[in-house]
């Protein structure tokens, strides 16, 4: 997989604070080994766990090739966790 570069805009920090998600948790998910990724056009969604084992979904927009800006993140609900865990081979 090519090297991807992730960045945060000023409004990203505001949105993360509103969602109660720490930027470090977002970075944990972005650099986690086991994630579910969905790339549609210039948007990318990555779901995974932070270092505390909490499941998050991170939304990003691609700027330049392989360079993404985090736009928001949120905690997954139980149904979403079940789907993502199933996609990862049952790891919950």
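Here are the numbers for this structure:
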quantity	calculated
Test: residue 71 is farther than 25 Å from residue 90 by Cβ, part of a strand (DSSP E or B) and in contact with a strand residue (DSSP E or B) (Cβ under 7 Å, 6 or more places away or on another chain)	yes
Those residues of segment 35-49 which are part of a loop (DSSP other than H, G, I, E, B) and either more than 22 Å from residue 78 (Cα to Cα) or out of contact with any strand residue (DSSP E or B) (no Cβ under 8 Å at 6 or more places or on another chain) (or both), in sequence order	41, 42
Unique residue being assigned to a loop (DSSP other than H, G, I, E, B), modelled with pLDDT under 95, on the phi < 0 side of the Ramachandran plot and surrounded by 14 or more Cβ atoms within 10 Å (Cβ to Cβ) when the list is 32, 85, 64	32
In segment 12-36, the residues that are in contact (Cβ under 8 Å) with a residue 12 or more places away in the chain and over 17 Å from residue 55 (Cα atoms)	12, 15
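The values are calculated or read from the model by the stated rules, or taken from the named source; none is laboratory data. Nothing here was measured: the structure is a model prediction, and the numbers come from that model. Note that we place each Cβ from the backbone using ideal geometry, even for glycine, and neighbour counts take in every protein chain shown.
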